[in-house]
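All of the numbers you see were taken from the coordinates with simple rules; none came from a lab. Predicted, not measured: the structure shown is a model, and the values here were computed from it. Here the Cβ positions follow ideal geometry from the backbone for every residue, glycine too, while neighbour counts run over all protein chains shown.
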2 protein chains.
Amino acid sequence: MRQLGVLDKGFLIAEKRETPMHVGGVSLYTLPDGADEQAFLHDLAANLRNADTLLPPFGDRLKTGLLGLTGATYWEPDPSLDLDYHVRHSALPKPGRYRELFTLVSRLHGTLLDRQRPLWEIHLIEGLGNRQFAVYTKTHHAAVDGARSVHVSRCMLSTDPGFVREESPLSLQAWNAYKAGLKSAPATPQPRYSDTNLRRVSDAIKFSFDSGGSIVHTVSGLARALTGRDEHLYLPHLSVPRTSINTSVDGARRFVAQSWPFARIKAVAVAYDGTFNDAILAMCSGALRKYLQLHAELPETSLKAMVPVSLRREGDVEAGNAVTAISADLATHIPDPGRRFSAIKASMRAGKEYFGAMSPREAELFTLLMQTPSLLMQPLGLISRLPPYNTVISNVPGMSETMYWNGARMDGSYPMSIVTDGISLNITLVTYAENVDFGIIACRRSVPQVQRMIDYMEDALVELEDAAGLSTPAATRTGSKRRKVAPAKPKKSGAAGTNAGTKPKPRTKSKAKTKARPKAKPATTGRKR
Amino acid sequence: MRQLGVLDKGFLIAEKRETPMHVGGVSLYTLPDGADEQAFLHDLAANLRNADTLLPPFGDRLKTGLLGLTGATYWEPDPSLDLDYHVRHSALPKPGRYRELFTLVSRLHGTLLDRQRPLWEIHLIEGLGNRQFAVYTKTHHAAVDGARSVHVSRCMLSTDPGFVREESPLSLQAWNAYKAGLKSAPATPQPRYSDTNLRRVSDAIKFSFDSGGSIVHTVSGLARALTGRDEHLYLPHLSVPRTSINTSVDGARRFVAQSWPFARIKAVAVAYDGTFNDAILAMCSGALRKYLQLHAELPETSLKAMVPVSLRREGDVEAGNAVTAISADLATHIPDPGRRFSAIKASMRAGKEYFGAMSPREAELFTLLMQTPSLLMQPLGLISRLPPYNTVISNVPGMSETMYWNGARMDGSYPMSIVTDGISLNITLVTYAENVDFGIIACRRSVPQVQRMIDYMEDALVELEDAAGLSTPAATRTGSKRRKVAPAKPKKSGAAGTNAGTKPKPRTKSKAKTKARPKAKPATTGRKR
């Protein structure tokens, strides 16, 4: 039995009906030529269920003692594992557009996993047009983080459209074969911190609230005590402006997704001498600025975004959650896109330098300090009054080649993360093939117009391109209503040959625009649908 | 703002992820001739959403004070009511049999309602064959009981296939029109009991557990104190045998449904000089006996069933939950069907006489005593060790005529109730037209073979018929694999004329039998599919 680390357990402690703590995503696939949808999806389901032993913790359930989650918590094999429960068939109502897909996965993402069973579900979804189908996955954040999710996906996929795996991609056998094929050997798991650590942090925080003290003071003091540093401490909860996306949330979600060409975002990064991640943040910042401007609530100070940074070392695929977070200044108060980019870049650089000076142990401990209070504040109902950040923008490295699952081409993979009280909007993105696939999840009540963020993100990208004098052809521009777009050049694919590289562009638009069924041929990414 | 009664609130207090406390059901409809499924279902959804003011509490959310549910709790209008959230479109994966329908509604029934919103959902489900569609509804038991659900359904339906209601059947306007059309005027709502009552009961029970006392002693003492009676007290938790259906449950459900002709069950009741309800219990008893025999765990003493009895007076459609419960002896240890029937009849008669001697106030108070401990024991985790009954068998009076919803004929209406720790199987039935529509809901893990109960119930009914010398034609027999069945005579319908009266017979059978799509013409109830 493997014991859960304190951070993993934090996701279980913080979870309630209104704030499920699972992560997941929806992927789009195109059926192989000539395949029958019903037969193919049933074969995929059978393939998923075909395992003697599952990769931990996919076959494991939680085991707690008399103290419940406040005591030691373990993963133990589920003695009556019921794979039919975890692997599910679903369908979209007519007309089966991406809009119906997003509605379904929003609902599926808004319900709690059953803690009596292994903490995951996978839904094979039929009813899309154009020979596409979708796969929605959902795994508790206590069981995997985003980076590990990508590893599990890779284990399922192949660059070879002719490759068919017999055993389940969730089986230990498939996982070991996948690991053996990696270039660098997996590292040993990181040491975990004890319950004493968690209790010490949580007791101190509770005491602080009970005695009317300041959480900032408490966290700051603990950080000094535990890291042995007393300088350059940047702390969340300080100077975080309040907006309508920083309220308590209910249990319902809205999800939208969109792909952008990697090359467009990378060109912006190069033009402003920043990283790819800086460009992502600048794009999201511009969109958030516009959203808040149009709601007449743009704060005078900058929004703060939590930007998770993986502590996983290269090739270490075994560790569960190993992530810390930088508090990035989104510079939403700066009108000029170039100056805004510079401010974001400086903020990210400062954050990385801070962690760069720490040992991995120190950095993880610091993460505990920064995240545990937030997680513990959820059940106390305090976080909506004192959000540590305005939003989360998470960049998960994905796969650079076109991938196939037993012959079905993956057209896109859109992550679905977590919203919490106080932080009702989360933007997560994965790079895939020539694209960046964005998934935005929000509280249905707090952010009712979240689908407009997609348009605003395209507008923000265009603004950055224009300010940098980039002559990005209109052909590769996406989503802006005011621009004419022409078909982009289809991508060449390695083994598939035929029509690989045509990638769909999931969209939800205003009602008038969403009446049509997906076209017979999905728009190449960058085309306007 | 209307305050919740103590019993209603008990359903909220007892609720957890593994034991949702909502009731609902799935109804089957046939599209009107010539109607397009997609357009018709969108019109129905629009109709459901077309309301200025909703019938309470469909437009209300819960409001609690600082004490949460332990303090006074009210229904208050939801200031941001979002009917798109509550009224949903869903679809079945291929091949769209009743099996796929039952899988979907089992899943939908296994997730918690969002307490930040009005506590109901309705799903319009497409993808069945044979021009049928399904409607799944889900309402928290704190908001309605089974009898009120039927009233709400009636408000939605009409005996006239040409009748189309403009305003939502959930609107206050439609409800008032419905009430005005009733023969007897609605009575004033019953007086509710105070939180002090609940607290007194719950404190006494907690004290009893803390001090190692016996719950039976506590309940018995309280019952004497509150009812002023000290004789003939029958108490649950006494001599309830333990079986595999009386364990703690997880959050997943299995649902099966089936219709039987009312006339068959009524004939059995007459033959044994009992009531219709006695015959239902005898049928369920025979099935449970067989199920437990085949699992080699038939107890030597009789199973006990909780049989809810409505305290609602004739014509009183306004009251929420107004139900008490008889603890019926199912006589599962008696092999002879006739003697078993007699024992059940005697047990039900004794229970009714007991309540017949009480005032409604006494009866309701008694119900509080009997149900509140069970509800309070759920969070304490004690009920699976001390179940007050083995199962619940609930008979909800329904409608005797064929009904239409804006022209779509209702073919059947199958209730879906609640399972709790210790009572992982619930049988609820509604009479409709010439049928009795049974819905059986069970914990997916504790009762994995619940679908077999359908066959065993038919077997039990045949056994009762045979023992009484009833010459029921094989044509109207249902579900027994060993019998040849021929088409039954289609029922004559009032206004519909054409093919009204052909009613589907939902079934889930063993894997080998469920491969086929629903036939072009659904089997009349009583036919073998």
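General remarks:
- Considering all different alpha carbon pairs of segment A:58-127, the Kirkwood hydrodynamic radius works out to 14.2 Å.
- Distances from A:Glu297 to itself in the other copies, using label points 7 Å out along the Cα-Cβ axis, amount to 5.3 nm in increasing order.
- Between A:Val249 and A:Asp421, A:Gly422, the built amide H atoms are under 5 Å apart, and every one of these is 5 or more places off in sequence or on another chain.
- In this structure, the amide hydrogen of B:Arg2, modeled 1.01 Å from its nitrogen in the peptide plane, lies closer than 5 angstrom to those of B:Trp75, counting only residues at least 5 positions away or on a different chain.
- The phi torsions of segment B:168-173, fed into the Karplus equation with coefficients 6.51, -1.76 and 1.60 and a -60° offset, translate into couplings of 4, x, 9, 7, 4, 4 Hz, rounded to whole numbers, with Gly and Pro shown as x.
- For segment B:24-118: relative contact order, % (alpha-carbon pairs under 8 angstrom, 6 or more apart): 29 percent
- For peptides A:157-169, A:127-139, A:284-296, sequence by mean Cβ density within 10 Å, most packed first: A:127-139, A:284-296, A:157-169
- Two-decimal log10 I(q)/I(0) for segment B:40-189, as the Debye equation yields it once each C-alpha is a single scatterer, q = 0.09, 0.16 Å⁻¹: -0.33, -1.01
- For segment A:132-183, the Kirkwood hydrodynamic radius comes to 12.3 Å, computed from all pairs of different C-alpha atoms.
- Copy-to-copy label separations for A:Tyr74, where each label sits 7 Å from Cα toward Cβ, in nm and ascending: 5.0
- Entries in A:Lys16/A:Lys138; B:Lys266/B:Lys345; B:Lys9/B:Lys63; A:Lys9/A:Lys63; B:Lys304/B:Lys345; B:Lys16/B:Lys290 that, when Cα-Cα distance is taken, lie over 20 Å: B:Lys16/B:Lys290
- Within segment B:14-104, the ratio Rg/Rh, alpha carbon atoms throughout and Rh by Kirkwood, equals 1.06.
- Averaged over A:111-120, number of beta-carbon atoms from partner chains that fall within 10 Å: 4
- The peptide list A:3-12, A:436-445, put in order of mean Cβ contacts within 10 Å with the highest first, becomes A:436-445, A:3-12.
- A quarter of the convex hull surface defined by the alpha-carbon atoms of segment B:6-67 gives 7.3 nm² as the mean projection.
- Shown for B:Lys16: label points 7 Å from Cα along the beta-carbon vector, and their distances to the equivalent points in the other copies, 1.7 nm in ascending order.
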